[in-house]
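This report concerns only the one structure given below.
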Amino acid sequence: MTPRMASRRRETLETQISVTLNLDGNGEARLDTGLPFLDHMLHQIARHGLIDLQIEASGDLHIDAHHTVEDIGITLGQALHEAVGDKSGILRYGHAYVPLDEALSRVVVDFSGRPGLEYHVEFPRGQVGGFDVDLFYEFFQGLVNHAQITLHVDCLRGRNAHHIAETVFKATGRALRMALERDARSAGVVPSTKGAL
């Protein structure tokens, strides 16, 4: 089988981002974004999605983390889009419910070729580990736009902001893993009546 791998770089006056991924990996991650809590969350996607993921980022963190987080989402989305190719033989749809103590999140993904994000996550506080949780939306918007996927992210309940974030990212990894699974019954067939996604 052809390995599903990609590397992408993004360089702007604000950030320099490098992403390498292998969709058929073991969940290994090497992450250096300058944002430790974001690294922790991206590691959840890698581990639970069984995606080998390497991300190096430097950006204008002296201003704030917005540009870096958004551009990581963009670059990861571009690499994901490249690695998945024409989507023939994949399940296309994936979903996951993930709990962590009192928190429960649901993520549903469609490799539709149409960017769309429904993000319904409320945090009880604005920061976790010094990270501005508002920026998770910017990450997912960049990811969705450039991976060309439809993504529904819902936190169904939770009181602890760390737990909420972790369930969202673990569920994202699990949903991606399901959607990207090779379907032996439809090998070589694009999962759409259109014949293309």
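Only the coordinates and a few stated rules stand behind these numbers; no lab work does. Bear in mind that the values here come from a model prediction, so they are computed numbers and not experimental data. Note: ideal-geometry Cβ built from the backbone for every residue, glycine included; neighbour counts use all protein chains shown.
Just a few scattered comments:
- Residues (over 27 Å from Tyr97 (Cβ atoms) and within 15 Å of the chain's Cα centre (by Cα)) located in the stretch 36-67: Gln54
- Pick from the stretch 123-157, criterion among the aromatic types (Phe, Trp, Tyr) and closer than 13 Å to Ser105 by Cβ, ranking: surrounded by the fewest Cβ atoms within 10 Å (Cβ to Cβ): Phe123
- So Gly25, is it of a type outside the set (Val, Ile, Thr), surrounded by fewer than 19 Cβ atoms within 10 Å (Cβ to Cβ), in contact (Cβ under 8 Å) with a residue 12 or more places away in the chain and at positive phi: no
- Criterion: under 17 Å from the mean Cα position of the chain (by Cα) and farther than 17 Å from Val144 by Cα - qualifying residue of Thr12, Thr75, Thr20: Thr20
- Within the stretch 115-140, residues that are in contact (Cβ under 8 Å) with a residue 60 or more places away in the chain have Cβ atoms under 9 Å from residues that are among the acidic types (Asp, Glu) in these pairs: Asp132/Asp64; Leu135/Asp64; Leu135/Glu70; Glu138/Glu70; Phe139/Glu70, counting only partners at least 6 apart in sequence or on another chain.
- Summed over the stretch 123-136, the residues that are in a strand (DSSP E or B) and of a type in the set (Phe, Trp, Tyr) give a count of 1.
- Contacts under 6 angstrom Cβ, first residue in the stretch 1-20 being within 30 Å of Asp183 (Cβ to Cβ) and in contact (Cβ under 8 Å) with a residue 12 or more places away in the chain, partner outside any strand (DSSP E or B) and of a type in the set (A, V, I, L, M), 6 or more apart: Arg4/Leu23; Arg4/Ala83; Met5/Ala83; Ala6/Ala79; Ala6/Ala83; Arg8/Ala79; Val19/Leu76; Val19/Ala79
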